[in-house]
Amino acid sequence: MGKFGVMKYKAVLLSVLMVCAGCHSFGPRAVGETHPLYNEVISRSLNEQFLLNLVRLRYRDNPYFLE
């Protein structure tokens, strides 16, 4: 194995290790822990938007929807 072969082997090994590390930190457990938080933030944002539009309607301003 020449110098190019050793460099290619190291590059492949490093790539495999990086993929394994990435799958470990962003696996199903991580998604399960963060997904409910995301839903709560979206719900809070929609409620704030609704309340702001109620205030706008009270003062005869046009409601504004981001969706």
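Observations
- If you take all other residues with their beta carbon under 15 Å from the beta carbon of G2, and give Lys and Arg +1 and Asp and Glu -1, the sum is +3.
- Counted residue by residue at 0.36 nm each, then reduced by the alpha carbon distance between them, the extension gain from L54 to R29 reaches 5.1 nm.
The numbers here are math on the coordinates, done by the rules we state, and not lab data. Since we're looking at a predicted model, the values are computed, not measured. FYI the Cβ positions are ideal-geometry reconstructions off the backbone, even for glycines, and counts take in every protein chain you see.
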